[in-house]
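Student: Just passing along the structure, written as structure tokens.
Nothing in this text is a laboratory measurement; each read-out follows from the coordinates by a stated rule. Predicted model only: the values in this text are computed from it and were never measured. All Cβ positions, even for glycine, are placed from backbone atoms using ideal geometry, and neighbour counts span all protein chains on display.
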Amino acid sequence: MKTLNIEQILHFHTKIIAATGGSDGTSDRGMIESAIGKAFVTFDGQDLYPDVYKKIAVTTYALIKNHGFVDGNKRIGIASMILLLKLNEIRIEYTQKELVDLGIGIAEGKLTEVDIELWIKRHQV
């Protein structure tokens, strides 16, 4: 799976904030690193998230819920999901409202990692 490293996420966040407004900066860099690394966690030698859909869903969820940035956690989570899908050659179709609803649903605790995975698969073309 093609992924993003911490420096790429930080740079991406800065660009998103510059384009859409809000405060740039991190509140907890460790939480961002944790969000990026969560998709690659193993237990007893087994990958806990064995496919690209699960890995992207887990990363999206963690970027939003870990609150590693001062502002824009939903935006970086959703934007990173879109970029990871593109990097891994998974095409989806969506409306802006669907993306907003997805980000808000995650932030409010109404959607889980499994819900994100299913959302991606439902929107795949």
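Student: Could you say whether any residue in the range 28-46 is within 21 Å of Gln124 (Cα to Cα), of a type in the set (Asp, Glu) and in a loop (DSSP other than H, G, I, E, B)?
Tutor: No, the range 28-46 has no match at all.
Student: If you don't mind, there's one more thing I want to ask. State which residue pairs qualify: first residue assigned to a helix (DSSP H, G or I) and inside the range 99-120, second residue of a type in the set (Val, Ile, Thr) and surrounded by 14 or more Cβ atoms within 10 Å (Cβ to Cβ) in any location, beta carbons under 6 Å apart, and separation of 6 or more residues or different chains.
Tutor: Matching pairs, first to second residue: Leu99/Ile78; Gly103/Ile78; Ile106/Ile64; Ala107/Ile64; Glu113/Val58; Ile116/Thr60.
Student: Only one of Met31, Met81 is hydrophobic (A, V, I, L, M, F, W, C) and surrounded by 21 or more Cβ atoms within 10 Å (Cβ to Cβ); which?
Tutor: Met81
Student: OK, next. Which pairs do you get when a residue that is at positive phi, found in the range 23-49, comes within reach of a residue that is assigned to a helix (DSSP H, G or I), reach meaning Cβ atoms under 9 angstrom, with the pair 6+ apart or on two chains?
Tutor: Gly25/His13; Gly25/Thr14; Gly25/Ile17
Student: Given the conditions (1) surrounded by 14 or more Cβ atoms within 10 Å (Cβ to Cβ); (2) of a type outside the set (A, V, I, L, M, F, W, C); (3) in a helix (DSSP H, G or I), which single one is not true for Tyr49?
Tutor: (3)
Student: I'm trying to understand the selection: among the residues of the range 68-94, which are touching a residue at least 12 places away in the same chain (Cβ under 8 Å), in a loop (DSSP other than H, G, I, E, B) and not aromatic (Phe, Trp, Tyr)?
Tutor: Selection gives Gly68, Val70, Asp71, Gly72, Asn88, Ile90, Arg91, Glu93.
Student: Still on this structure, please answer the following. Checking the structure you have, find out if any residue of the range 18-35 is aliphatic (A, V, I, L, M), under 18 Å from Leu111 (Cα atoms) and under 12 Å from the mean Cα position of the chain (by Cα).
Tutor: Taking every residue of the range 18-35 in turn, at least one turns out to be aliphatic (A, V, I, L, M), under 18 Å from Leu111 (Cα atoms) and under 12 Å from the mean Cα position of the chain (by Cα).
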